Amino acid sequence: MDETSFKDLGLSDELLRAVSEAGYEAPTPIQAQAIPYVLMNRDIMGGAQTGTGKTASFTLPMIDILAQGRARARMPRSLILEPTRELAAQVAEQFDIYGKYQKLSKALLIGGVSFDDQDKLLDRGVDVLIATPGRLLDHFERGRVLLSDVKLLVIDEADRMLDMGFVPDVEKIVSLMPKIRQTLMFSATMPPVIRRLADQFLMNPKEITVSPPASTAATVSQSLVAVDHKEKRNALRSLLKSEDVKNALIFCNRKRDVSIVQQSLKRHGFEAGALHGDMDQFQRTDTLEAFKKGEIRLLVCSDVAARGLDIEAMSHVFNFDVPINADDYVHRIGRTGRAGRSGRAIMLAAPDEKRYLDMIIKLTGLEIPRLELKDVQAAVIEADTEAPRTRGRRGGGRNNKPKPSSNGSEAPLARKAEADAEETPKAPKARKPRVARKPTQDNNNKFNEGSPVGLGDHVPAFLSREPK
C-alpha cells in the first residue's frame, strides 16, 4: 500500500502549497486519520502521545473550513483552548505558517500581555481565537468577546487542562457556546475523567488513537540514575559532561528548585536559562527565543514547559526530580525524539522518590534501564585526562593555566590543584626577634615623629642592639 500524502486528505491547493513550503511531505498517523473526519464536520476524540503532530491535525483542516465566511467584531468563528501560554503561542505560529495563502485573522489571548492590544484585535473580528481559559474568561467578563458565534471548538491537551485545574473554566466556556457546533478534543493520555468530559462536550465523536495511552516514543532512549538528593546537582553536571548534549531541558518539580539548579549550573560554567510560571510573559518569551536560537544550551524549567515547547532537534531531557504525576513523565520526555529523530531522556531518582517511579513504570509498562553514576563519573575523568594540555618549557610558565573543556568547565585535576592552592594558607615569612624594652613617657611621641614602629627592618636601630 502506498504511503498517504497530504494530497490524499482533501486539503485545498493553497494549503498544500503552504505545507510543502514548510518542508512537510507526508502526514503523521494522527494527521492522516483525523484530517478527513474534521473536514466532514465530525466531532473528534483524538489520543496520541506528544510529538506526533496533533496540532497540525486540527489547524490544517480548520484553515480550509474557515476559508469561507467572514468574522464579526467580538464574535470569533472558532476557538482553540490551550493549557499554557507557550502552547497557545506555538499554535498561533502554525496558523501563520499554514495559513499564509489564506486571508484569515486570528487573536492570541494569553496572560502577561496588555488587554488593550488584545481588545483591538477582537474589535476587528477574528476567524480564529487561540486562548488560555483564564484570560478568555477575563475578556468575556469585561464584555470584550462573545462566544455565541463559535462554530468550531478545539480543546487541546485535555489531560493537562485537568491537571492544572482548568476543567471548571472549560465547562463554563463551553456553556457560553451554541449547542450545535463541531468539537475536537485531543489528549496525550486517556484517563477516565477525560472520557467523561468527552461524553459531556462531544456528540457522536469519531475516536482516533494512534498509540497506546501513556506510551513513550520508541525514538527516545531512557535511563535512570539512583542518587541521593544532596548529590543530584553533582550527578547532573557529570551527565552533562559525559553525554553528547546539543541542547537539553532540565525539569524540576518545584519552581524554587528551578532557580537553584540554574544558578548552580552557571557557577560551574554552564550556559543555562530558567523557565517557570512566576516569570512574566516577556521574560518567558525572551528566554524561549534565546534557547531556540542556541544562545542558551540548557533550559531548567518546571512543567510549564513540558507541553509548551516544540523543538524538533532537542537532544536531551533530564528529569532532575521524578515527576509526582506519572503522566507528566510522558510529556516531559516527549520534548525529545520528535519528528522521527532520536532523543535521550535521563531521570535522577532519590530513594524517597521510589513510589513516584513505581507509578511511572506501572503507567508506561516499561522498566527504565539503570545507569551507574560511578561509570558516568569515571568516563568524565577519563575524557578530561585525555584532553590535550598546553605545556611551558619548564612546566611552570603562564601557558600552563588549564583551559576550559568543551563543556564549559575546567579539568578535575586542575580544579583540585587550584582549590588546594586556595585552601592551603601560605607560610608566614621569617621575622626578626622582637626585643623587649621598657616604655618611657616620651617614647610614643618620638616614635610618631620618625619611622613607624613595627617588625623586621622597621625596628629602630637602638632597639635591635644586643646588650653588651
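All but one of (1) at pLDDT below 95; (2) touching a helix residue (DSSP H, G or I) at 6+ places or on another chain (Cβ under 9 Å); (3) more than 20 Å from ILE63 (Cα to Cα) hold for ASP156; which doesn't?
It fails just one condition, (3).
For segment 281-300, what are the residues that are open to solvent by 20 Å² or more (accessible area, probe 1.4 Å), farther than 17 Å from THR84 by Cβ and in contact with a helix residue (DSSP H, G or I) (Cβ under 9 Å, 6 or more places away or on another chain)?
GLU295, ILE296, ARG297
I want to confirm something. Restricting to segment 345-390 and keeping residues that are in a loop (DSSP other than H, G, I, E, B) and open to solvent by less than 50 Å² (accessible area, probe 1.4 Å), which single residue is modelled with the lowest pLDDT? Reasoning before the result, please.
So the first thing to find is which residues in segment 345-390 are in a loop (DSSP other than H, G, I, E, B), and the list is 350, 365-369, 371-372, 387-390.
Still in the running and open to solvent by less than 50 Å² (accessible area, probe 1.4 Å): 350, 368, 371, 387.
Values: ALA350: 95, ILE368: 94, LEU371: 90, ALA387: 60.
Of everything passing the filter in segment 345-390, ALA387 is modelled with the lowest pLDDT.
Within the set of pairs 6+ apart or on separate chains, which have a first residue in segment 23-47 that is without any contact (Cβ under 8 Å) to a residue 40 or more places away in the chain, a second that is of a type in the set (Asp, Glu) and open to solvent by 10 Å² or more (accessible area, probe 1.4 Å), and C-beta atoms under 9 Å apart?
Pairs that qualify, where the first residue is without any contact (Cβ under 8 Å) to a residue 40 or more places away in the chain and the partner is of a type in the set (Asp, Glu) and open to solvent by 10 Å² or more (accessible area, probe 1.4 Å), are ALA26/GLU3; PRO27/ASP8; ALA32/ASP8; PRO36/ASP8; LEU39/ASP64.
Going by what's in this entry, would GLU25 be described as more than 21 Å from VAL210 (Cα to Cα), of a type in the set (Asp, Glu) and under 29 Å from the mean Cα position of the chain (by Cα)? Don't jump to the end; show me each part of the working.
Numbers: more than 21 Å from VAL210 (Cα to Cα): no; of a type in the set (Asp, Glu): yes; under 29 Å from the mean Cα position of the chain (by Cα): yes.
Spelling it out, it is not the case that GLU25 is more than 21 Å from VAL210 (Cα to Cα), of a type in the set (Asp, Glu) and under 29 Å from the mean Cα position of the chain (by Cα).
All but one of (1) surrounded by fewer than 21 Cβ atoms within 10 Å (Cβ to Cβ); (2) over 16 Å from VAL380 (Cα atoms) hold for ARG237; state the number of the condition that does not hold.
(2)
Go through segment 79-116 and give me each residue that's open to solvent by less than 30 Å² (accessible area, probe 1.4 Å), of a type in the set (D, E, K, R) and outside any helix (DSSP H, G or I).
GLU82
Would you confirm whether any residue within segment 322-341 is modelled with pLDDT of 95 or more, among the aliphatic types (A, V, I, L, M) and either part of a helix (DSSP H, G or I) or open to solvent by less than 40 Å² (accessible area, probe 1.4 Å) (or both)? So that I can check it myself, show each step before the final result.
We begin by selecting, within segment 322-341, every residue modelled with pLDDT of 95 or more; these are 322.
Now narrow it down to the ones that are among the aliphatic types (A, V, I, L, M): 322.
If we keep only those that are either part of a helix (DSSP H, G or I) or open to solvent by less than 40 Å² (accessible area, probe 1.4 Å) (or both) as well, we get 322.
So far as segment 322-341 goes, yes, one or more of its residues are modelled with pLDDT of 95 or more, among the aliphatic types (A, V, I, L, M) and either part of a helix (DSSP H, G or I) or open to solvent by less than 40 Å² (accessible area, probe 1.4 Å) (or both).
Of everything in segment 265-280, what is open to solvent by 20 Å² or more (accessible area, probe 1.4 Å) and modelled with pLDDT under 90? Give them in sequence order. Talk me through it step by step, then tell me what you get.
From segment 265-280, those open to solvent by 20 Å² or more (accessible area, probe 1.4 Å) are 266-269, 271, 276-280; that's our starting set.
Within segment 265-280, HIS276, GLY277, ASP278, MET279, ASP280 qualify.
Can you pull out the residues in segment 1-26 that are open to solvent by 60 Å² or more (accessible area, probe 1.4 Å) and of a type in the set (Phe, Trp, Tyr)?
Filtering segment 1-26 for residues open to solvent by 60 Å² or more (accessible area, probe 1.4 Å) gives 1-3, 7-8, 13-14, 17, 20-21, 24-25.
Once the filter is applied, which keeps residues that are open to solvent by 60 Å² or more (accessible area, probe 1.4 Å) and of a type in the set (Phe, Trp, Tyr), segment 1-26 yields only TYR24.
The values are calculated or read from the model by the stated rules, or taken from the named source; none is laboratory data. Everything numeric in this text was worked out from a predicted model, so none of it was measured. Don't worry about glycine lacking a Cβ; one is built from the backbone with ideal geometry, like all the others, and counts go over all protein chains shown. When the accessible area is computed, the model is the full protein with side chains, heavy atoms only, and any ligands, DNA or RNA have been set aside. Shrake-Rupley method; radii C 1.70, N 1.55, O 1.52, S 1.80 Å.
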